[in-house]
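**Student:** Structure in structure tokens, see below.
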Amino acid sequence: MFSSTDIGIDLGTANILVYTKAKGIILNEPSVVALDTKTNKVLAIGEDAKAMMGKTPSHIRVVRPLKDGVIADFEVTTDLLKIVMQKTAKIMGGAFRKPNVMICTPCGATSVERRAIHDAAKQSGAKNVHLIEEPVAAAIGADLPVSEPIASVIVDIGGGTTEVGIISFGGVVSSNTVKVAGDRMDEDIIQYVRKHYNVLIGEPTAEKIKKEIGYALIPHKAETLEIRGRDVMTGLPKVVSLTSTEIQETLKEPLLAILECIRATLENCPAELSGDIVDQGVVISGGGALLKGMQQWLSEEISVPVHTAPQPLESVAIGTGRSLVMMNKLERISK
């Protein structure tokens, strides 16, 4: 009943996921916190807080405490993690001791940023905290042969960052991080609609546009979507119709930045591992992997097979949980 639980946490810019060996993914909530500025208390997190975005009175602030994959607001992140731990304990049932936590960090994170993630998890009630690099976690979660001397290439297109890693023998051989991913795409869509239609839209609407009519740079049959926003000139609500071709053009810049990051990583790959990449191909995970035509476009651009991870949104969380089990085994052997 009071056993210490092992949990893996994917502390993402867009979503926070919790994985346990017994139950798999038990929590998947947006990394959003609603705060009362008068009392500094957390009013809601996750889906409840996301639903408040752009719809709150002046004393309620809706924030995303993580930016570009790292902690931007330490105190709010600690509060978020505390509530996540409490929810996890409730879902697991009964009383459980402080859990052992494996949490992921971006490859490009500095020692200070890693320390912040470690301390936030520790303060939110974790017994032991281990950090794992995001590409390694994503590769483990995508069922790639990480521990073997074979090159596994993972491209994790998240909310704040795109991580590209070549992994062999359980470690990162070559990696690159670019702060261009889902959030940047949403931001570009907001700017485009404002510039061309004089209409202001919020993040949730931009995300909806990206999911419904967003395409990678491939030929496709044009689709349209009606959206509602506020006219900048009159200040009144306005409905505009967008086409998938114009959104595709808007997404061109962030997509090319992601492609450049992949190419730069592959260029730094040792010659011996390059042959494996031609055979094994590249695996894409994260929310960006679900953009329509992404797999086809990348395959054409880099001339190697591109596969989508079995559960792209959950790969990192599954990988963190599995790696904690592997780490515990290694610790027992060393003892």
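**Student:** Applying the selection to region 79-94, what residues are touching a strand residue (DSSP E or B) at 6+ places or on another chain (Cβ under 9 Å) and either open to solvent by less than 40 Å² (accessible area, probe 1.4 Å) or closer than 15 Å to Asn15 by Cβ (or both)?
**Tutor:** Leu80, Leu81, Ile83, Val84, Met85, Lys87, Thr88
**Student:** Scan region 132-148 and tell me whether some residue there is on the phi > 0 side of the Ramachandran plot and either in the same structural domain as Val18 (by the TED database) or outside any helix (DSSP H, G or I) (or both).
**Tutor:** Yes, region 132-148 has at least one match.
**Student:** Do we find a residue being in contact (Cβ under 8 Å) with a residue 40 or more places away in the chain, of a type in the set (A, V, I, L, M, F, W, C), closer than 23 Å to Ile258 by Cβ and in contact with a Leu (Cβ under 7 Å, 6 or more places away or on another chain) anywhere in region 130-142? Please lay out each step first, then the result.
**Tutor:** Here is the first cut: in region 130-142, the ones in contact (Cβ under 8 Å) with a residue 40 or more places away in the chain are 130, 132-142.
Imposing the further condition that a residue be of a type in the set (A, V, I, L, M, F, W, C) reduces the set to 132, 136-140, 142.
If we keep only those that are closer than 23 Å to Ile258 by Cβ as well, we get 132, 136-140, 142.
Among the residues that remain, those that are also in contact with a Leu (Cβ under 7 Å, 6 or more places away or on another chain) are: none.
There is no residue in region 130-142 that is in contact (Cβ under 8 Å) with a residue 40 or more places away in the chain, of a type in the set (A, V, I, L, M, F, W, C), closer than 23 Å to Ile258 by Cβ and in contact with a Leu (Cβ under 7 Å, 6 or more places away or on another chain).
**Student:** Only residues that are open to solvent by 30 Å² or more (accessible area, probe 1.4 Å) and farther than 28 Å from Glu300 by Cβ: list them for region 187-219, please.
**Tutor:** Across region 187-219, the qualifying residues are Arg194, Lys195, His196, Tyr197, Asn198, Leu200, Gly202, Glu203, Pro204, Thr205.
**Student:** Inside region 108-128, can you point out the residues that are open to solvent by 20 Å² or more (accessible area, probe 1.4 Å) and in contact with a helix residue (DSSP H, G or I) (Cβ under 7 Å, 6 or more places away or on another chain)?
**Tutor:** Result: Ala116, Gln123, Gly125.
**Student:** If you go through region 40-61, how many residues are outside any loop (DSSP other than H, G, I, E, B), out of contact with any helix residue (DSSP H, G or I) (no Cβ under 6 Å at 6 or more places or on another chain), open to solvent by 30 Å² or more (accessible area, probe 1.4 Å) and of a type in the set (A, V, I, L, M)? Break it down into steps so the answer makes sense when it comes.
**Tutor:** Step one: of region 40-61, the residues outside any loop (DSSP other than H, G, I, E, B) are 41-50, 60-61.
Subset that is out of contact with any helix residue (DSSP H, G or I) (no Cβ under 6 Å at 6 or more places or on another chain): 41, 43-44, 46-50, 60-61.
Adding the requirement that they be open to solvent by 30 Å² or more (accessible area, probe 1.4 Å) leaves 41, 43, 47-48, 50, 60-61.
Imposing the further condition that a residue be of a type in the set (A, V, I, L, M) reduces the set to 43, 60.
Going through region 40-61 one residue at a time, the tally reaches 2.
**Student:** Ala121 fails exactly one of the following numbered conditions: (1) closer than 17 Å to Ile71 by Cβ; (2) among the small types (Gly, Ala, Ser); (3) assigned to a strand (DSSP E or B). What is the number of that condition?
**Tutor:** Condition (3) is where Ala121 drops out.
**Student:** Given the criteria surrounded by 22 or more Cβ atoms within 10 Å (Cβ to Cβ) and at pLDDT 90 or above, does Leu11 qualify?
**Tutor:** Working: surrounded by 22 or more Cβ atoms within 10 Å (Cβ to Cβ): yes; at pLDDT 90 or above: no.
No; evaluated as a whole, the condition is false for this residue.
Yes or no, residue by residue, for (1) touching a residue at least 60 places away in the same chain (Cβ under 8 Å); (2) of a type in the set (D, E, K, R); (3) crowded, with 17+ Cβ neighbours inside 10 Å; (4) in the same structural domain as Asn198 (by the TED database):
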| site | (1), (2), (3), (4) |
| --- | --- |
| Met233 | no, no, no, yes |
| Pro237 | no, no, no, yes |
| Ser241 | no, no, no, yes |
| Glu260 | yes, yes, no, no |
| Thr265 | yes, no, yes, no |
| Glu272 | no, yes, no, no |
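The values are calculated or read from the model by the stated rules, or taken from the named source; none is laboratory data. None of the values given here were measured: they were computed from a predicted structure. Heads up, the Cβs are rebuilt from the backbone with ideal geometry, glycines too, and the neighbour counts pull from every protein chain shown. Calculation scope for accessible area: heavy atoms of the full protein, side chains included, ligands and nucleic acids excluded. Shrake-Rupley method; radii C 1.70, N 1.55, O 1.52, S 1.80 Å.
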